[in-house]
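**Q** To start, I am sharing the structure in question, which I have written as structure tokens.
Every number in this text was worked out from the coordinates using simple rules, so none of it is lab data. Bear in mind the structure is a predicted one, so any value in this text is a computation, not a measurement. Cβ: placed from backbone, ideal geometry, glycine included. Neighbour counts: every protein chain shown.
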Amino acid sequence: MTRFFKIINGRLYYVSRVKRKIKKPKRRNPNYLKYKKDAETLVKERLEYFNQFYDYKWGRVTIRNQKTRWGSCSKKGNLNFNYKIVLITPKQADYIIVHELCHLKEFNHGQEFWNLVAKAVPDYKEVRHSLRTNSLKLG
Ligand SMILES: [Zn+2]
């Protein structure tokens with residue numbers, strides 16, 4: 001172990017560099033751990049179901065513990081969803097899944113994008129509105 005020392009008030013203190021590097025384990029949100037698996041199952045099932053309208057291809061599906069987003073789609077086609085997707089109504093969850101699915105084709109929020117969303121969720125405007133009252137926003 002590499003050590004160095006410090007002198008504080010005339011006393012010699014050894015300080016372990018190794019020890020200094022050790023970070024406190026990150027506190028995991030217990031709800032995240034609890035719902036992550038269910039969220040993953042739900043998202044994967046619904047992605048397959050809705051993909052009959054689209055026939056797109058995606059990469060990895062990751063469930064995250066995010067404070068401000070319901071979901072996101074990377075340029076590489078990986079999809080991320082908030083674990084809280086299992087804590088909202090099925091209709092809201094479906095909308096979020098369809099929303100991210102449609103970003104695989106339209107990487108923006110233009111009219112074409114919303115037309116795609118409407119194919120699977122015709123009343124997406126209402127669902128979207130209902131999600132706004134929630135503290136999270138759909139990214
Ligand atoms: Zn979006």
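**Q** List the pairs whose first member sits in the range 88-104 and is farther than 18 Å from residue 38 by Cβ and in contact (Cβ under 8 Å) with a residue 40 or more places away in the chain, whose second member is aromatic (Phe, Trp, Tyr) and within 11 Å of the ligand (Cβ to nearest atom), and whose Cβ atoms are under 6 Å apart, counting only residues at least 6 apart or on separate chains?
**A** Close Cβ pairs satisfying both conditions: 102/113.
**Q** Evaluate the following for residue 107: is it of a type outside the set (Val, Ile, Thr) and touching a helix residue (DSSP H, G or I) at 6+ places or on another chain (Cβ under 6 Å)?
**A** So residue 107 fails the test.
**Q** Would it be correct to say that residue 91 is closer than 12 Å to residue 46 by Cα, assigned to a helix (DSSP H, G or I), away from the ligand (no atom under 16 Å from the Cβ) and not polar (S, T, N, Q)? Don't jump to the end; show me each part of the working.
**A** Values: closer than 12 Å to residue 46 by Cα: yes; assigned to a helix (DSSP H, G or I): yes; away from the ligand (no atom under 16 Å from the Cβ): yes; not polar (S, T, N, Q): yes.
Answer is yes for this residue.
**Q** Shifting gears a bit: I'd like the residue in the range 52-73 that is in a strand (DSSP E or B) and among the charged types (D, E, K, R) and, out of all such residues, is farthest from the ligand (Cβ to nearest atom).
**A** Start the filter on the range 52-73 by keeping residues that are in a strand (DSSP E or B), which leaves 61-64, 69, 71-73.
Remaining after also requiring among the charged types (D, E, K, R): 64, 69.
Numbers: 64: 15, 69: 9 Å.
In this case the residue turns out to be 64.
**Q** Can you go through 81, 107, 113 and tell me which one is within 15 Å of the ligand (Cβ to nearest atom), assigned to a helix (DSSP H, G or I) and of a type in the set (Phe, Trp, Tyr)? Before you say what the answer is, go through the steps one by one.
**A** Numbers: 81 fails: assigned to a helix (DSSP H, G or I); 107 fails: assigned to a helix (DSSP H, G or I).
Checking each option against the conditions leaves just 113.
**Q** Also: Consider only pairs whose beta carbons are under 7 Å apart and that are at least six residues apart or on different chains; among these, list those whose first residue lies in the range 30-44 and is over 13 Å from residue 93 (Cα atoms) and whose second residue is among the aromatic types (Phe, Trp, Tyr).
**A** From residues that are over 13 Å from residue 93 (Cα atoms), the pairs are 32/83; 35/83; 36/83.
Residue by residue, here is whether (1) under 28 Å from residue 29 (Cβ atoms); (2) loosely packed, with under 15 Cβ neighbours inside 10 Å holds:
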residue	(1), (2)
52	no, yes
95	yes, no
115	no, yes
121	no, no
129	yes, yes
